[in-house]
Amino acid sequence: MLAHAIQNRGMSLFNPFIPHIATVVDIRQETGDIRTLGLRFNNRDLDFDFAPGQFVEVSLFGYGEVPIGLASSPTRRETIEISVKRMGMVTGQIHKLTIGDTIGIRGPYGNGWPVDMLRGKHVLVIGGGIGLSPLRSLIDYLLDQRDDFGTIKILYGARTPNDLVYKHLLRKWGEARDTEVFCTVDIGTPEWDGHVGVVTALFEQANITIENTVVITCGPPIMIKFVTMGLEKMGFADTDIITSMEKMMKCGIGKCGHCNIGSKYVCVDGPVFTHRELKNLPKEL
Ligand SMILES: Cc1cc2nc3c(=O)[nH]c(=O)nc-3n(C[C@H](O)[C@H](O)[C@H](O)COP(=O)(O)OP(=O)(O)OC[C@H]3O[C@@H](n4cnc5c(N)ncnc54)[C@H](O)[C@@H]3O)c2cc1C
Ligand code: FES
């Protein structure tokens, strides 16, 4: 199937199996340890297409590769954006990049969010910390085709106010038609006048309806655990709760076995799964 992803569109042959050189054209420091990079392929003829929720392998020459979700929407193709949390060797180097530096991008990989299934439905988006990044790709995609979807409710939690990403977008999203944003932090500060508590504490305030609603969620495993428990208790079907899973990866294309769980390779069968699919995977989750 991946072989079909080599696309010949007019003059531009896009090969997802090799790194393509991209230049950093924009940097936004979101929090102390998360930054968003705007990237442009050096070969402007490359027609890089992707779906919200897919990821790329980012190469830092001399250091290695890391899987990173695409944060921008395919409906906004001027640049692609990724948001990266500083964790170790490679992400640490990404945090040292400056405008004009180059990196390699191969992909896109993975299945992405099931956008066609969302058409005509209400969408409840629940994110935690850097998990808002692949959700941002979806939110902008939904907002750019606003008439195709029902109400959009976005619930977002971070550890402290300083750990909230995309602060400018959270405000903007909340101004869109039939779209509401609810934010919370685990630990407040004297300046924070918003909600304090875990993201599930927002369920009541958000006045969630189950009928014709699909939940899309991404965040730390502990958040996903309590979010799915809470949603199932409310009556959501496990097929209507959809999450993106982070697993150690190397190749990203189903060859090395690093991301294997039972019969699934998270890099090709996922990273997006329904809660029902996740329940049926072996327990190491
Ligand atoms: C499909 C997918 C999408 C991702 N999207 C993003 C994203 O949009 N933004 C982002 O900042 N990060 C994302 N990650 C996580 C990112 O790939 C890791 O943080 C990165 O590989 C760490 O590499 P490193 O060399 O900096 O750290 P290392 O030196 O390799 O490790 C440092 C620490 O990070 C942990 N770590 C390593 N790999 C992962 C991983 N895959 N998941 C969780 N923890 C890990 C290690 O256990 C260790 O504690 C994604 C991971 C996957 C699988
Ligand atoms: S990362 Fe190599 S098989 Fe999935």
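The values are calculated or read from the model by the stated rules, or taken from the named source; none is laboratory data. Worth saying up front: this structure is predicted, and the values here are computed from it rather than measured. Heads up, the Cβs are rebuilt from the backbone with ideal geometry, glycines too, and the neighbour counts pull from every protein chain shown. SASA here: full protein model, heavy atoms, side chains in, ligands and nucleic acids out. Shrake-Rupley method; radii C 1.70, N 1.55, O 1.52, S 1.80 Å.
Spin-label model, Arg86 to Lys233: label points 7 Å out along the Cα-to-beta-carbon direction sit 3.8 nm apart.
Computed over the chain, the per-residue total of -39500 (n - 2.57) for DSSP H runs of n ≥ 4 gives a 222 nm mean residue ellipticity of -5000 deg cm²/dmol, rounded to 500.
Here r is the Cβ-Cβ distance between His195 and Glu175 and R0 is 22 Å; the resulting FRET efficiency, rounded to 0.05, is 0.70. Take the chain with all the other protein chains still there, run a 1.4 Å probe, and you get 47 Å² of accessible area per residue.
Pull up the DSSP beta bridges for segment 127-185 and report the antiparallel fraction as a percent, rounded to 5. The antiparallel fraction comes to roughly 0 percent. A simple spin-label model places pseudo-atoms 7 Å from Cα toward Cβ; at Lys250 and Asn207 they are separated by 5.3 nm.
Antiparallel beta bridges, as assigned by DSSP with both residues in the chain, represent about 60 percent of the total such bridges.
Within the listed set Phe273, Phe61, Phe14, the Gaussian network model of the chain (springs between alpha-carbon atoms below 10 Å) gives the highest mean-square fluctuation for Phe61. Across segment 143-149, computed HN-Hα scalar couplings (Karplus, 6.51 cos²θ - 1.76 cosθ + 1.60, θ = phi - 60°) run 5, 6, 10, 3, 5, 7, 10 Hz from first to last residue, x flagging Gly and Pro.
Computed from the alpha carbon atoms alone, the convex hull of the chain holds 135 Å³ per residue. Scaling against 2.2 N^0.38 Å puts the C-alpha radius of gyration of segment 115-244 at 0.98. Dipole orientation for the chain: of the candidates Tyr166, Ala22, Ile241, Ala22 has the Cα lying most toward the positive pole (charges on Cβ; Lys, Arg +1; Asp, Glu -1).
The GluC sites (Glu not before Pro) of segment 145-233 that meet both conditions, a loop assignment by DSSP and at most 15 other Cβ atoms within 10 Å of the site Cβ, are Glu175, Glu191, Glu204, Glu211. Taking the chain as a Gaussian network of alpha-carbon nodes connected by springs under 10 Å, the highest mean-square fluctuation of the residues Gly92, Gly62, Gly235 belongs to Gly62. Accessible surface of the chain, 1.4 Å probe: 52 percent of it comes from carbon and sulfur atoms. The coefficient of translational diffusion for segment 47-97, derived via Stokes-Einstein from the alpha carbon Kirkwood radius under 20 °C and 1.002 mPa s, stands at 181 µm²/s.
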